[in-house]
Amino acid sequence: DLEPSIDLTKTVTSITDLDANDDDNNTTTVDEAGDVINYQVTIKNDGNVVLTQTSTLDVVEGVNNGTLTFSSSDGVNDVSAGLDVGETWTYTATYTVLQADIDTEAADANDLPVDAIGVDDVDIDNVATATFQDAQGNTASDTDSAAAPIDLEPSIDLTKTVTSITDL
């Protein structure tokens with residue numbers, strides 16, 4: 001029997017701090033708009049038949065705005081030949097954080113932290129999905145998510161100046 005199957009794993013590999021010179025060089029948490037979250041996705045053919053890729057999808061906080069870029073293979077490194085049995089393909093993806101991402105998560109920071117897509121839990125959730133098929137059209141799909149924590153740093157800068165002095 002043909003048993004097409006894939007195992008997809010998504011991880012946050014690093015976070016590139018927008019302002020590396022701000023004495024707050026966060027590489028494991030998001031702390032400002034413009035930070036770049038770097039992801040890695042691996043897809044392994046754990047079935048018993050060669051597969052071809054039919055679709056990949058990268059969704060950040062419920063919006064389909066990412067693309068997975070093929071990076072490497074532990075096999076023949078020939079995507080056109082298909083994903084061989086036992087072979088793993090590696091993809092990369094990035095997401096540039098918006099101020100709206102931080103504001104949305106901060107607005108619900110007092111909610112019970114639940115790590116589920118669509119539930120505000122003070123992190124940026126990202127989901128990758130892939131579908132492959134064998135030569136007979138049987139499909140194999142898998143999905144995995146990764147979350148980048150947000151370091152909320154509320155701060156204000158208050159300046160008081162004397163504008164005039166009245167002599168009595």
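Filtering segment 76-108 to residues that are part of a loop (DSSP other than H, G, I, E, B) and open to solvent by less than 60 Å² (accessible area, probe 1.4 Å) leaves G82, D84, G86, E87, V97, D108.
Residue-wise test of (1) charged (D, E, K, R); (2) closer than 15 Å to A147 by Cβ; (3) surrounded by 14 or more Cβ atoms within 10 Å (Cβ to Cβ).
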| site | (1), (2), (3) |
| --- | --- |
| I43 | no, no, yes |
| L57 | no, no, yes |
| T69 | no, no, no |
| D74 | yes, no, no |
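Just to be sure, is N26 at pLDDT below 90, surrounded by 13 or more Cβ atoms within 10 Å (Cβ to Cβ) and among the polar types (S, T, N, Q)? Explain how you work it out, then say what you get.
On the way: at pLDDT below 90: yes; surrounded by 13 or more Cβ atoms within 10 Å (Cβ to Cβ): yes; among the polar types (S, T, N, Q): yes.
Spelling it out, N26 is indeed at pLDDT below 90, surrounded by 13 or more Cβ atoms within 10 Å (Cβ to Cβ) and among the polar types (S, T, N, Q).
Quick one: which of D103, D134, D111, D121 is in contact with a strand residue (DSSP E or B) (Cβ under 8 Å, 6 or more places away or on another chain) and at pLDDT below 90? When all the criteria are applied, what remains is D121.
The values are calculated or read from the model by the stated rules, or taken from the named source; none is laboratory data. Everything quoted here is computed from the prediction, not taken from an experiment. In this analysis, Cβ positions are derived from the backbone assuming ideal geometry, glycine residues included, and neighbour counts consider all displayed protein chains. These area figures cover heavy atoms from the full protein model, side chains too; ligands, DNA and RNA do not enter into them. Shrake-Rupley method; radii C 1.70, N 1.55, O 1.52, S 1.80 Å.
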